[in-house]
Amino acid sequence: MSDVDIPESHPRYLSLLTRHRIEEGVEKGITSKQGLIAEGRGEAFDYLLGEETIPSADAAERTAAAQLLLAERPVLSVNGNVAALVPGEMVELAAAVGADLEVNLFNRTEERIRAITDHLRDHGAEGVKGLTADGRIPGLDHERAKVDADGIGAADVVLVPLEDGDRAEALAAMGKTEIVVDLNPMSRSAQSAAVPIIDNILRAVPNVTEHARDLSESGASREELERIVAEFDREAALREAEAAIRGGDLD
Ligand code: PTJ
């Protein structure tokens, strides 16, 4: 993380780096201006969480890894904020779990999809989906519903980081197993996810990759992966994150 001139000793290093990357994303035509607002919102929640991966988020990240390894057609969705913040990390996660990457935007424009696809390719991605847009998410207006039929359209497990609530709910209603990364445990995206990861995407994605590699290298069986998924308690994870943010005790 040396892409910016901020001393790593600065107490708000990660938050300044994040702002810088989002700003750069807007300048490059990758991130939407609304992405700046979304970033500010996320940052406030991260501040309240103590800017760390809390234990329930780590459990969610391990569950996400198991769920992605079990999937037949896993897809990782990439929007303008994700592309600016963790492009190389998303490429690494896709390789670790055998998933496709699909650029899928809330404020969809062909130019931005192309810019993000190129950006992901610069970070080592091959075969990025999203431009074909021959599939639809039912229940959303035309532009916001577009997906690739053989990508998110056919996926059984989808990772949707920093997603708008409407689209997250519509994807879940399609019967897909949805893994959401969102710092706000009260957002509709987090609430509709099978696996809500309440953590900063900067920490979450590398940690899911690390768990996936550990599980693969230790030769975890299908039964073991299924057990990890079955034992994950999404309600408890949401409750624990909200309690951490409110700074209160759990009971
Ligand atoms: O690139 P596009 O057109 O697809 O648009 C992307 C944004 C993010 C602008 C769009 O999806 C949007 O408007 O999202 P929302 O409704 O603002 O929701 C974004 C959620 O992500 C909020 O709940 C934020 O708290 C959360 N968030 C923001 N930054 C981070 C985050 N969660 C994890 N890590 C972050 N760094």
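The values are calculated or read from the model by the stated rules, or taken from the named source; none is laboratory data. Everything numeric in this text was worked out from a predicted model, so none of it was measured. Counting neighbours? That spans all protein chains shown, and the Cβs are built from the backbone with ideal geometry, glycine included. Side chains included, ligands, DNA and RNA excluded: accessible areas come from the protein's heavy atoms. Shrake-Rupley method; radii C 1.70, N 1.55, O 1.52, S 1.80 Å.
Annotations
- With a requirement of 2 or more residues that are under 22 Å from residue 100 (Cβ atoms), aliphatic (A, V, I, L, M) and within 16 Å of the ligand (Cβ to nearest atom), the helices (runs of 4 or more DSSP H) lying completely within the stretch 146-251 that satisfy it span 165-173, 201-217.
- Residue satisfying all of: in the stretch 102-124; open to solvent by 10 Å² or more (accessible area, probe 1.4 Å) and of a type in the set (A, V, I, L, M, F, W, C); farthest from the ligand (Cβ to nearest atom) among these: 115
- Residue in the stretch 99-118 that is polar (S, T, N, Q) and out of contact with any Ser or Thr (no Cβ under 7 Å at 6 or more places or on another chain) present: yes
- Selection status of residue 159, under 29 Å from residue 238 (Cα atoms), open to solvent by less than 10 Å² (accessible area, probe 1.4 Å) and under 14 Å from the mean Cα position of the chain (by Cα): yes
- Meeting the requirement of 2 or more residues that are more than 13 Å from the ligand (Cβ to nearest atom), over 23 Å from residue 103 (Cβ atoms) and under 17 Å from the mean Cα position of the chain (by Cα), the helices (runs of 4 or more DSSP H) wholly within the stretch 1-85 are 55-70.
- Taken over the stretch 129-145, the criterion of being within 15 Å of the ligand (Cβ to nearest atom), within 21 Å of residue 187 (Cα to Cα) and open to solvent by 60 Å² or more (accessible area, probe 1.4 Å) is satisfied by 141, 144.
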